[in-house]
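Below is one structure, written out as structure tokens; the observations come after it.
Taken together, the values in this text are just the output of simple stated rules run on the coordinates, not laboratory data. Predicted, not measured: the structure shown is a model, and the values here were computed from it. Neighbour counts run over all protein chains shown; Cβ positions are idealised from the backbone, glycine included.
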């Protein structure tokens, strides 16, 4: 299993990524602004369970790649680093989506289902895990599948915390979020820089 330093490093990197408003966060904000805190929380649960589906898929996929060839696993690591840098540059050059506070109201179950479907069927989430998890897996620390599963579960837990905070904040500051300019700035520039930084760090990681 990963050592404590790997857990801490992964948790810090996870929080750095999760606090950046992306599609999932924007969905949670929309639901919280439109329908209130309870509906926002329901969306959070759906989003995180959808994320966990990708954790399970990434765990199986990365284990299969490593079993086939350690060199192939390292190739995935470098490809993942390049992908993160690419996402960062693309984020910097695209205008972020806006908040729609007039979205139609829905029940808690509808918000949960919609959040689950949004993240489960999002191929970008799968690509993200295949690029992110390998950077923190140490092939000398035991089962790679167990490491991937534990780290992925930690990511989901971090997601519950950050997304829950967004739901709480958005439901309390509806008018400020709709009219403010801070969120789009964070979505575009802060997010782009963080992705590029993580990609560069990953590319310099020691190859097993």
In whole angstrom, the spacing between the Cα centers of segment 138-177 and segment 11-65 equals 7
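Multiplying the sequence separation of residue 37 and residue 157 by 0.36 nm and subtracting their Cα-Cα distance, what value in nm do you get?
Difference between extended and current length: 41.3 nm.
If each residue's Cβ is checked for other Cβ atoms within 10 Å, how do 140, 35, 163 rank with the fewest at the top? Numbers along the way, then the final one.
Numbers: 140 5, 35 21, 163 26.
Lowest count first: 140, 35, 163.
Would you order 172, 6, 131 from fewest to most other beta-carbon atoms within 10 Å of each residue's own beta-carbon? Provide the component values of the computation, followed by the final result.
Details: 172 11, 6 18, 131 25.
Ordered by Cβ neighbours within 10 Å, fewest first: 172, 6, 131.
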